[in-house]
1. Take the residues in the range 326-346 that are at pLDDT below 95 and of a type in the set (S, T, N, Q); name whichever of them is farthest from PRO392 (Cα to Cα).
2. If you take the residues of the range 573-596 that are among the small types (Gly, Ala, Ser) and under 19 Å from the mean Cα position of the chain (by Cα), which of them is surrounded by the fewest Cβ atoms within 10 Å (Cβ to Cβ)?
3. When you scan the range 110-124, how many residues do you find that are at pLDDT 95 or above and either surrounded by fewer than 21 Cβ atoms within 10 Å (Cβ to Cβ) or β-branched (Val, Ile, Thr) (or both)?
4. Given the conditions (1) without any contact (Cβ under 8 Å) to a residue 60 or more places away in the chain; (2) surrounded by 18 or more Cβ atoms within 10 Å (Cβ to Cβ), and given that ILE127 satisfies all but one, which numbered condition is not satisfied?
5. Of the residues LYS484, LYS492, which single one is in contact with a Lys or Arg (Cβ under 7 Å, 6 or more places away or on another chain), assigned to a helix (DSSP H, G or I) and not assigned by TED's automatic domain parsing to the domain that holds CYS615?
6. Restricting attention to the range 532-581, which residues are basic (Lys, Arg) and assigned to a helix (DSSP H, G or I)?
7. Working only within the range 594-621, note down all residues that are among the polar types (S, T, N, Q) and without any contact (Cβ under 8 Å) to a residue 60 or more places away in the chain.
8. Among the strands (runs of 3 or more DSSP E) contained in the range 315-367, which hold 3 or more residues that are touching a residue at least 40 places away in the same chain (Cβ under 8 Å) and in the same structural domain as LEU181 (by TED's automatic domain parsing)?
Amino acid sequence: MGDDEASTSASPQPHKPAPPPGAAGSVKQHISSLVASSLRATAPQVDDVQPMVEVCAQNFGDYQCNNAMGLWPRVQGSPGTSFRNPNAIGQAIAENLPACDAIESTSVAGPGFVNIVLSNTWIAKRIQDMLVNGIKTWAPIVPVKRVVLDFSSPNIAKEMHVGHLRSTIIGETLARILQFLNVYVLRRNHVGDWGTQFGMLIEFLFEKFPNWEELGSQAIGDLQLFYKASKERFDNDEEFKVRAQQAVVRLQGGGEKYRTAWKRICQISRNEFDEVYKLLDVQLEEKGESFYNPYIPQVLEELSNQGLIEESKGARVIFIEGHKSPLIVVKTDGGYNYASTDLAALWYRLNVEKAEWIIYVTDVGQQQHFDMIFKAAKMAGWLPDPNEKKFPKTSHVGFGLVLGADGKRFRTRSTEVVRLRDLLDEAKSRSKSVLVELLDKKGKQYNCGFLFAFLITFQVKYEVRFCSGKLVDWTDEELDKTSKELGYGAVKYADLKNNRLTNYTFSFDQMLSVKGNTAVYLQYAHARICSIIGKSNMDVEDLKMNASISLGHPDERALGLHLIRFSEAVEEACNELLPSVLCDYLYNLSEMFTRFYTSCQVVGSEEEPSRVLLCEATGIVMRQIFQFLGITPVYKL
């Protein structure tokens, strides 16, 4: 299979224009390029040193170069070298930085730490360039252009539950981040649509509904209940179990009747999945286990020809260094399993879809499985040594459990796993009930601050109008749509703000709180920005072209500096595959804006044009991060 097939297999995406000429990626990337030039001049005899630039932890500067101590033992005693200690090397690094308008000043502390202070004028210009040319100019530069992102991946015939929430929204957020970076993303839904359970389902269908072809989807009805009933029959009736196993053989052998029934079951399940994805605003292209099944024999043959597959206790396995148990690729009964399917999928993604980076978003419990898959691929020569930091590469994005208030896996009172659709319905129901309560009391005077906080909680998309403290009526359509969309946003942020590797406790009360790192607080800040800009009565588009930003007040500078570090937050979130990095950045941005707004009058001040532009830039950055997270922002209340 060649490049033509690879191109047709990719999910269609609109062409995204490249950043305008002169875009320098992140600030850290820009400073690192300056430091790299200085290091070549300071220590020309060392040709493999990489710039070590970090945000300055103290108040000595904005960024810090930490190369001096590492260079000292490598240049000490070299011909022509006069450095007496690491501090002297640091002094040389500072002196050899190329002349540029980005750096205001430098200083050297201790054993050669070079502190770099950025120019206020340069910070302001970078913000104004973004306002004129768009936030895409702040997209950091990444060395990859084609990614396969495997996420969500529920099992056919089983409903999506709360455990699928994390994979789905983490994967969607990573996809949006990568697309912002001009990466072509192939969103893959590796659904479980092949295996022994389908023999059980098909045979149960044939038995219960002999005329199933005429009844269509009505024969199955509730697929979850149908699955439970067939599983109970499978576990308790040996004769049925034998027939179910024979049905698997006929299905995998291409029996027309069995394939038709299998497709019918898959489609019912697929329709249910699609409803949830639509609610969450998630885009995926399904390529399930069955898609890769035809590729398994040739992939295993390739591995066998390389001597990687061995016989062990009646099975065919690959022994992986660092693992006690081998990777079973063919079971004792001759059947394939998850490992054989995942190896075939990896081969396909590398050779047909031409992926440079393949990312798997699953729970942490599958980390060992994917470690073995990746190591087997390296043994086969499909992947380079991960220590070489070359492409193509693979990554497993693990995540923890969603817990209930009791600290155990989040379940219903009847100990059932919480269906994802039910969880989303609950979010909508809670928002709607409180909104209805407020509307029923509309004749009374409201505490506008409380009402504002409440409406922010649910990220109200529609314009809400106040008249002498009274809330004007909403239509039923507005009420329903608002409570639905904005309840989901609170659920997403409450999940994404956590480090994905840890478990977290699901709590509607916490996620809807008006205090702390919640969607409520962030939406409040964004709505206030929009209100300030509206009150200024200034033409923001005209200001972008004709006004200038000044950062004379410390809180203006702090806000401006944090704004231009947006690129670094995106870069870190991408490199580490951690959406929580963007949530932390967003929360800190909202707090910095609050300090700026508190200490720096905007409307009516001499600096109003400049400060309105700072407000506009903050709003743009917040909205971009909201977009990454799949959250609809509040514009006006």
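1. THR332
2. SER580
3. Final tally of qualifying residues: 9.
4. Status for ILE127: all satisfied but (1).
5. Working: LYS492 fails: in contact with a Lys or Arg (Cβ under 7 Å, 6 or more places away or on another chain).
Answer to the selection: LYS484.
6. Of the range 532-581, the ones basic (Lys, Arg) are 535, 544, 557, 565.
Residues satisfying the conditions are LYS535, LYS544, ARG557.
7. Those that are among the polar types (S, T, N, Q) and without any contact (Cβ under 8 Å) to a residue 60 or more places away in the chain: THR598, SER599, GLN601, SER605.
8. Strands (runs of 3 or more DSSP E) meeting the threshold: 357-361.
The values are calculated or read from the model by the stated rules, or taken from the named source; none is laboratory data. This is a predicted model, so every value here is computed, not measured. Using ideal geometry, Cβ is built from the backbone for each residue, glycine included, and neighbour counts are taken over all protein chains shown.
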